[in-house]
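We did not get these values from a lab; they are worked out from the coordinates using the rules stated. A quick note: this is a predicted structure, and the numbers were derived from the prediction, not measured. Here the Cβ is made from the backbone with ideal geometry for all residues, glycine too, and neighbour counts use every protein chain on show.
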Amino acid sequence: MKQQNSKSTKQISSSLVRGSFIALLIAITPYIFYTYESFPQTKVWETFLFTYEANWYQKVNVSVWTMMGKFVPLLLLFIWFFTCKHWWFHVLLIPIGMFAFQLFNVINDDASFVDEVEIWWLFPIMMVIVPFVYLIRAKLFAKVRGNDLEEFEEELGQKRTLWQQILDLFR
């Protein structure tokens, strides 16, 4: 009996530590964003490790401000994605892809319209994720309306083509 209690206490403790870390990370995101203010307002930033030159944004702090404007929402979306327990969490991959692409463009400094063209790069991702999420939703809805688990297991065991599976969504 004591072994079970210590095991569940360890699980609760681990969950509490993990949840506290995630909550702390979310709480400090404004401070992470405002780190750009600690960077110099010059075109070139020299440290003993490297030299950074802000080409497109003309100032180092403006470049870091732009990066943080993409990184912080990306960080929050990753936290949401990995902690979400809802059936639709795969849809979060679309804004994650958008912010990742924007951050990549900001770091490369070679895109003049960072916020305007990434939708075309996200289109293939959306073509996969949106139907996948709709398929999950449709299956859940069909099961909630009245089919029991035995029918569900039998249906999963049947060999069907992709077209048959799509047609089953609308029956």
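Observations on the model:
- With a Cα cut-off of under 26 Å and a minimum spacing of 8 residues unless on different chains, the lysine pairs in segment 1-105 number 7.
- Rough spin-label spacing in nm, given labels placed 7 Å along Cα→Cβ, for ALA27 and VAL130: 3.9
- Couplings for segment 32-40, taken from phi via the Karplus curve 6.51 cos²θ - 1.76 cosθ + 1.60 with θ = phi - 60°, read 4, 4, 7, 5, 4, 5, 8, 8, x Hz in order; Gly and Pro are left as x.
- Restricting the calculation to Cα atoms, every distinct pair contributes to the Kirkwood radius of segment 1-105, found to be 16.7 Å.
- Karplus 3J(HN,Hα) series, Hz, for segment 87-101 with 6.51 cos²θ - 1.76 cosθ + 1.60 (x for Gly, Pro): 5, 9, 4, 5, 5, 5, 5, 5, x, 4, x, 4, 5, 5, 5
- Restricting the chymotrypsin sites (Phe, Trp or Tyr not before Pro) of segment 49-84 to loop positions (DSSP other than H, G, I, E, B) with no more than 11 neighbouring Cβ atoms within 10 Å leaves PHE50.
- Phi angles across segment 46-56 convert, under the Karplus curve 6.51 cos²θ - 1.76 cosθ + 1.60 with θ = phi - 60°, into 3J(HN,Hα) values of 10, 10, 6, 9, 7, 10, 10, 10, 7, 8, 6 Hz, Gly and Pro given as x.
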